[in-house]
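Heads up: the structure comes next, in structure tokens.
The values are calculated or read from the model by the stated rules, or taken from the named source; none is laboratory data. Quick caveat: nothing in here was measured; it's all calculated off a predicted structure. Cβ: placed from backbone, ideal geometry, glycine included. Neighbour counts: every protein chain shown.
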Amino acid sequence: MFEMFDWKWSFAFEVLPRMLWATLNTLMAAGIGYAIALFIGLFFALGQRTGFKPITFIIREVVEFIRSTPLVVQIFFIFYVGPQVGIRLSPWTSGMAAIGLHYASYLSEVYRSGLDSVPRGQWEACRALNLSKARTYFRIIIPQALPASLPGMGNYLVGIFKDTPMLMVIGVAELMHTANALGSTYYRYLEPYTIVGVIFLLISIPTAFGLRRFEGYIARIYGMKK
């Protein structure tokens, strides 16, 4: 089969170390981007639940705007348009900011659905006990909303990992960028691109499986069916 496509094992093994090194950059990009998305997504979710309508309106519109525009456009905008308004970021920082903001808008909806799943009686009990909003959310409501939010959070973690190749458009040395550079140098694209696909499969499938197991574990702890 490989011979049919002129596959060369010697070349594949030659470029593999560089591909594996680039994989570390890809994993780091996905991890940092996801951490940013988790934090900002929670801010977006809570910001839409304030009693101050102007803030709620602004945050809701920002979230809808981000969700309605492609990630690659946001990457270009932050990196190339940012300097025109005095915001100069490196390719790595621009990429992390774009991925973080983009997925924060989606995670905010995951958080929102999780918060809405908490029984109304829990909110009323917090008000009856005169708990502050911060204590109500972070000590009572959010821990109960976590199990319902985990499936969506896990899906977007895998989604971020699969979207990291978009960072190649601004020169971030992630996996796809490295494969493209190797192909351009040696005029062979079969092996680098195949290795990219295999690496993504080897990481994405076990990660998705592990997340499902973790969701089941949390569901059992909270007495939910899974």
Looking at the range 117-140, can you tell me whether even one residue there is in contact with a Gly (Cβ under 8 Å, 6 or more places away or on another chain) and under 25 Å from L38 (Cβ atoms)? no
Members of the range 117-144 that are touching a residue at least 24 places away in the same chain (Cβ under 8 Å) and either buried (at least 16 other Cβ atoms within 10 Å of the Cβ) or part of a helix (DSSP H, G or I) (or both): V118, Y137, I141, I142, Q144
Could you go through the range 85-96 and let me know if any residue there is surrounded by 16 or more Cβ atoms within 10 Å (Cβ to Cβ), at pLDDT below 90, hydrophobic (A, V, I, L, M, F, W, C) and assigned to a helix (DSSP H, G or I). no
Let me confirm something: among F65, F57, which residue is aromatic (F, W, Y) and farther than 22 Å from I36 by Cβ? F57
Could you list, in sequence order, the residues of the range 80-97 that are hydrophobic (A, V, I, L, M, F, W, C) and touching a residue at least 60 places away in the same chain (Cβ under 8 Å)? W92, M96, A97
Restricting to the range 65-84, what's the tally of residues that are outside any helix (DSSP H, G or I) and closer than 20 Å to G171 by Cβ? 1
Conditions (1) farther than 21 Å from Y106 by Cβ; (2) out of contact with any Ser or Thr (no Cβ under 7 Å at 6 or more places or on another chain); (3) crowded, with 17+ Cβ neighbours inside 10 Å -> Y156 fails only (1)
Criterion: outside any helix (DSSP H, G or I), of a type outside the set (D, E, K, R) and in contact (Cβ under 8 Å) with a residue 60 or more places away in the chain - qualifying residue of A173, A179: A173
Residue pairs within 9 Å by beta carbon, gap of at least six or interchain, first lying in the range 185-197 and of a type in the set (V, I, T) and surrounded by 15 or more Cβ atoms within 10 Å (Cβ to Cβ), second modelled with pLDDT under 90 and outside any helix (DSSP H, G or I), listed first then second, are T194/W7
Restricting the first residue to the range 36-49 and requiring it to be buried (at least 18 other Cβ atoms within 10 Å of the Cβ), which pairs with a second residue that is in a helix (DSSP H, G or I) and of a type in the set (K, R) meet a Cβ separation below 8 Å and a spacing of at least six or different chains? A45/R112; Q48/R60; Q48/R112
Among (1) surrounded by fewer than 18 Cβ atoms within 10 Å (Cβ to Cβ); (2) over 29 Å from D6 (Cα atoms); (3) modelled with pLDDT under 90 - the single one P206 does not satisfy: (3)
Looking at the range 164-182, is at least one residue of a type in the set (D, E, K, R) and crowded, with 20+ Cβ neighbours inside 10 Å? yes
